[in-house]
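The structure appears below as structure tokens.
The values are calculated or read from the model by the stated rules, or taken from the named source; none is laboratory data. Just so you know, these numbers come straight off a predicted model, no measurement behind them. Backbone-built Cβ (ideal geometry, glycine too); neighbour counts: all protein chains shown.
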Amino acid sequence: MKKTNCARGPISRRRRSIGMQLVLALMILPLAMAPSAFGQERFPDRTITMVAPFPPGGVADLTARPVAAAMERILKSPVVVVNKTGAAGAVGMSYVANSKPDGYTVLMALSSISIIPEADKLFDRKPAYTMDQLLPIALISADPTVFVVNAERPWKSVKEFVAEAKKRPGEISFSSSGVYGTLHMATEMLAHAAGIKLKHIPYGGAGPALTAILGGHVDTLASGPAVVIPHIKSGKLRPLAGWGAKRVASLPDLATFKELGYDIEFYIWAGVFAPRGTSQPVLKKLRDTARQAVNDPEFKSAMEKLQTPVAYMDAPEFQKFWDKDAKMLADAIKRMGKIEIKEAK
């Protein structure tokens, strides 16, 4: 009679049970690990806000809108531009610097991003933000600043303008986007190089500063070409010189300050930033999207209409560019010292 090992049945069943548990565990483990990985793959799954820290009509706003539109087409998810203005851009830049670092709030900043922390140091006040709170994503454009005067003013050249300014120190006025803002810095660099004193009337952004000169409330303005070229063509503004190392392509007859003997060079650049702490996968997604955006046909067309050349740099190159530019601006601010002026409305 054949004997049966009764003990093997339960042992076999236990082994099968353990095996099934192991298989089930291996199936569940990837799902348990998935939320962060899948969450990164889903980015973005809601609207991205691109903050322009100046009012509509200025360089930041005019650059942000076509960039956001191109990013939206690429991501197939909404990217909206929100103007958060005030304090020469500090309000909007501080807002982004202190936002949740999840990639859903980004900044379209100008070179004034480097100015505000240095100005805060001069006045021994708590900084609105620090530069290390923000990470560069991509440089979009870098326009040489253009110096214009109201067309009803008599000056036809920098030589005539400087001669008049020396005769009437502190009387010829210029508007700007705010104290220590990019437009203020450019004009102060000119005043220092030419040995003249001008009357500064700051406004709450480049748009209002432009409105002031068009309305004849101020005499002069330093501005990105995109903003003033339509008014140069209409005859309302007269360009006298440019701050670039080379002449502005759309204004080929306009000499640079260097050609005229003034050793000054200044650019109004626009770049995208994210709050520090944003994860590397999200940063990579934003960088890849920005790289595709600057090659988007509709974006290129929009920038051509603005007569603003694209000067794209990815994050590593942009960081080097930013460091160099920030040092130049910091040196200029230290030279200028404390300036306390209330913004015009």
**Q.** Residue list for the range 58-79, restricted to those being farther than 16 Å from Ala290 by Cβ and in contact with a strand residue (DSSP E or B) (Cβ under 6 Å, 6 or more places away or on another chain)
**A.** Val59, Asp61
(Q) Looking at the range 148-165, can you tell me whether even one residue there is crowded, with 21+ Cβ neighbours inside 10 Å and within 24 Å of the chain's Cα centre (by Cα)? (A) yes
Q. Could you list, in sequence order, the residues of the range 228-247 that are buried (at least 20 other Cβ atoms within 10 Å of the Cβ) and either part of a loop (DSSP other than H, G, I, E, B) or touching a Gly at 6+ places or on another chain (Cβ under 9 Å) (or both)?
A. Trp243, Gly244
Q | Which listed residue is over 15 Å from the mean Cα position of the chain (by Cα) and closer than 20 Å to Arg73 by Cβ, from Asp288, Asp263 | A | Asp288
Q | Residue, nearest to Phe161 (Cα to Cα), within the range 190-207, restricted to residues that are in a helix (DSSP H, G or I) and touching an Asp or Glu at 6+ places or on another chain (Cβ under 9 Å) | A | Ala193
(Q) What pairs come out if I take residues in the range 104-128 that are free of Cβ contacts under 8 Å to residues at least 24 places away in the same chain and on the phi < 0 side of the Ramachandran plot and pair them with residues that are of a type in the set (Gly, Ala, Ser) and crowded, with 16+ Cβ neighbours inside 10 Å whose C-beta lies under 8 Å away, six or more apart or interchain? (A) Pro117/Ala128; Asp120/Ala128
**Q.** Single match in Ala119, Ala128, Ala109 (criterion: closer than 25 Å to Lys320 by Cβ and in a helix (DSSP H, G or I))
**A.** Ala119
Q: Assess whether Ser111 counts as being touching a strand residue (DSSP E or B) at 6+ places or on another chain (Cβ under 6 Å) and of a type in the set (S, T, N, Q).
A: yes
Q.
If I filter the range 275-283 for residues that are buried (at least 19 other Cβ atoms within 10 Å of the Cβ) and at pLDDT 95 or above, do I get at least one hit?
A. yes
Q. Of the residues that make up the range 146-161, is at least one in a strand (DSSP E or B), over 22 Å from Asp331 (Cα atoms) and of a type outside the set (A, V, I, L, M, F, W, C)?
A. yes
Q.
Could you tell me how many of the residues in the range 187-227 are closer than 16 Å to Asp61 by Cα, surrounded by fewer than 24 Cβ atoms within 10 Å (Cβ to Cβ) and at pLDDT below 95?
A. 4
Q: From (1) more than 30 Å from Ile229 (Cβ to Cβ); (2) assigned to a helix (DSSP H, G or I), pick out the condition that doesn't hold for Lys100.
A: (2)
(Q) Please verify whether Phe174 is of a type outside the set (A, V, I, L, M) and touching a helix residue (DSSP H, G or I) at 6+ places or on another chain (Cβ under 6 Å), treating the condition exactly as stated. (A) yes
Q: Within the range 208-227, track down each residue that is outside any helix (DSSP H, G or I), touching a residue at least 12 places away in the same chain (Cβ under 8 Å) and over 19 Å from the mean Cα position of the chain (by Cα).
A: Gly216, His217, Val218, Asp219, Thr220, Leu221
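Yes or no, residue by residue, for (1) buried (at least 19 other Cβ atoms within 10 Å of the Cβ); (2) out of contact with any helix residue (DSSP H, G or I) (no Cβ under 7 Å at 6 or more places or on another chain):
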position	(1), (2)
Val91	no, yes
Val96	yes, yes
Gly103	yes, no
Leu107	yes, no
Leu110	yes, no
Asp120	no, yes
Arg125	no, yes
Leu134	yes, no
Leu139	yes, no
Q. For the range 57-89, what are the residues that are under 12 Å from the mean Cα position of the chain (by Cα) and small (Gly, Ala, Ser)?
A. Gly58, Ala60, Ala64, Gly89
